[in-house]
Amino acid sequence: TAMMIAIIGMLFVVKPEFSSDIIPALMGLLSGIFAAAAYTAVRALSTREAPYTIVFYFSLFSVVALFPFVIFTYQPMTTIQIIYLVLAGLSAAVGQIGITVAYSYAPAKDISIFTYASIIFTACIGFILFGESPDFIAVIGYVIILSASYFMFEKARHETRAQQSHKTTSN
């Protein structure tokens, strides 16, 4: 239920119209769904594989999956673009290793609240770099998304405490 409420909040932020302008919003929604599936797989693999192995294959899959889209539209990059690309790649690698390690130590339900912080960072970066300011409806969407994610976090924390309490009383 909370996930559906978060998706409704996303609709407030995106304000989709039934035109070709909806395609980026759909890509964002699909990327969220695929990210959830990927992190579920990361959580399952983290008990059997080293974080670096998981990140390597995750990155390799991404390159192979995106290669067909890039091969026909390739344009040589400038030196500064290459520097930005390398820095972005290093940042992504460090972040991916960090989140993979986090998923190996804690259940996904406990970590997911921090993933929703990206909504705040995205809004801040959009404001700072592009001068975008959310309208009132988008702010309502942000509040809905963050409230739903906080609810999921609190529910997961309550369930974890109940399970620990049950284990303690049964021992």
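The values are calculated or read from the model by the stated rules, or taken from the named source; none is laboratory data. What you see is a predicted model; the values in this text were computed from it and never measured. Quick reminder, even Gly has a Cβ in these numbers, built from the backbone with ideal geometry, and neighbours come from all protein chains shown. All accessible areas refer to the heavy atoms of the entire protein, side chains included, with ligands and DNA or RNA removed. Shrake-Rupley method; radii C 1.70, N 1.55, O 1.52, S 1.80 Å.
Based on the Cβ-Cβ distance of residue 84 and residue 105, what FRET efficiency does E = 1/(1 + (r/R0)^6) give at R0 = 41 Å, to the nearest 0.05? It comes to 0.80. Here the dipole of the chain is about 600 debye; that uses its Cα centre as origin and unit charges on the Cβ of Lys and Arg (positive) and Asp and Glu (negative). What the Cα atoms of the stretch 34-141 give is an Rg and a Dmax of 17.0, 46 Å.
Distance between the 7 Å Cα→Cβ label points at residue 64 and residue 127: 4.2 nm. Per residue, the convex hull spanned by the Cα atoms of the stretch 1-89 measures out at 156 cubic angstrom. Note on residue 52: accessible area approximately 150 square angstrom, rounded to 10, probe 1.4 Å, nucleic acids and ligands left out. Using the crude model of +1 on Lys and Arg Cβ and -1 on Asp and Glu Cβ, and no other charge, please compute the dipole size for the stretch 123-171 relative to its Cα centre, in debye to 20. Approximately 400 debye in magnitude.
Accessible area of residue 20 (1.4 Å probe, protein heavy atoms only, ligands and nucleic acids ignored): about 90 Å².
Per-residue surface analysis assigns residue 129 an accessible area of about 120 Å², computed on protein heavy atoms at 1.4 Å probe radius.
Working note: 222 nm ellipticity from helices only, DSSP H runs with n ≥ 4, each -39,500 (n - 2.57), summed and divided by the residues of the chain, gives -28500 deg cm²/dmol to the nearest 500. Ranked from largest to smallest solvent-accessible area, with a 1.4 Å probe on the protein heavy atoms, 153, 58, 67, 136 come out as 136, 67, 58, 153. 3J(HN,Hα) couplings calculated from phi for the stretch 49-66 with the Karplus curve 6.51 cos²θ - 1.76 cosθ + 1.60 (θ = phi - 60°) are, in sequence order, 10, 6, x, 5, 5, 4, 5, 4, 6, 4, 5, 4, 4, 4, 5, 5, 5, 8 Hz; Gly and Pro show x. Its alpha carbons considered, the stretch 86-166 gives a radius of gyration followed by a Dmax of 16.2, 51 Å.
If r is the Cβ-Cβ distance from residue 22 to residue 47 and R0 is 41 Å, what FRET efficiency results, to the nearest 0.05? My answer for the efficiency is 0.55.
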